[in-house]
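So the structure is just underneath, and the comments pick up after that.
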Amino acid sequence: MSRPTLEEIREAFGTSHLTSTWTSVGQDQIDSFAEVTLDDDWMHTDPKRARDAGLGGTIAFGFWTLSLLTYFLRDALGTAYPLGARLGFNYGLDRVRFLSPIPVGSRVRGHLHLSDVREKAPGRILLTLNVDVEREGQTDPAMVATWLVLLVFGDD
């Protein structure tokens, strides 16, 4: 397969934004995240203490929410790597803001808008995606981020 042009990549993402399906925030996911990150803060892992503290219950980690970006992109695109890319890498984040807590038991989805596509090197395309994470029933996003993804095409 030949390498897509920058315009073909833009067209694959569309002119508006991509939206993932809803995903539920489960306490088991949050507990697993706490375990692997060695962060067992009670706001996230102790439902009774979180309720007693006035939070209404446990809340998702901000970094857990951030870690869903790859899932949101794959779900919204329907593929891991668009247009035959061989690899895709998290290249970085230019901006992240956690705007409101996400209670365990709620549902979230991602809205992704491609704001820039540029060639970093032959066969290496850098995407800039503006991402809003929506919490069901809320009008304002729970998190916003500017995410950089590097796509690698070809055999090099």
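The values are calculated or read from the model by the stated rules, or taken from the named source; none is laboratory data. Remember, predicted model here, so these are calculated numbers, not experimental data. Here Cβ is always computed from backbone atoms with ideal geometry, including for glycine, and neighbour counts include all displayed protein chains. Just the protein is used for accessible areas: all its heavy atoms, side chains included, with ligands, DNA and RNA removed. Shrake-Rupley method; radii C 1.70, N 1.55, O 1.52, S 1.80 Å.
A few remarks follow.
Results for (1) over 23 Å from I30 (Cβ atoms); (2) among the polar types (S, T, N, Q), shown as yes or no for each residue.
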residue: S100; (1), (2): no, yes
residue: G105; (1), (2): no, no
residue: L114; (1), (2): yes, no
residue: E119; (1), (2): yes, no
residue: T128; (1), (2): yes, yes
residue: Q138; (1), (2): no, yes
residue: M143; (1), (2): no, no
residue: W147; (1), (2): no, no
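- Residues satisfying the stated conditions in segment 98-137, i.e. open to solvent by 70 Å² or more (accessible area, probe 1.4 Å) and of a type in the set (A, V, I, L, M): L99
- Filtered by the rule that a residue be at pLDDT 75 or above and open to solvent by 60 Å² or more (accessible area, probe 1.4 Å), segment 73-86 gives R74, G78, R86.
- The lone exception for F98 - which of (1) touching a Gly at 6+ places or on another chain (Cβ under 7 Å); (2) within 18 Å of L18 (Cα to Cα) it fails: (2)
- Search result, residues across segment 8-54 that are β-branched (V, I, T) and exposed (fewer than 15 other Cβ atoms within 10 Å of the Cβ): T15, T21, V36, T37
Rundown of residues vs (1) in contact with a Leu (Cβ under 7 Å, 6 or more places away or on another chain); (2) in contact (Cβ under 8 Å) with a residue 40 or more places away in the chain; (3) of a type in the set (F, W, Y), yes/no style:
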| residue | (1), (2), (3) |
| --- | --- |
| M43 | yes, no, no |
| R49 | no, no, no |
| G56 | no, yes, no |
| G62 | no, yes, no |
| R74 | no, no, no |
| V96 | yes, yes, no |
| G137 | no, no, no |
| M143 | yes, yes, no |
| F153 | no, yes, yes |
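- Residue that is modelled with the lowest pLDDT [pool: residues in segment 138-156 that are over 15 Å from D94 (Cβ atoms) and open to solvent by 20 Å² or more (accessible area, probe 1.4 Å)]: D156
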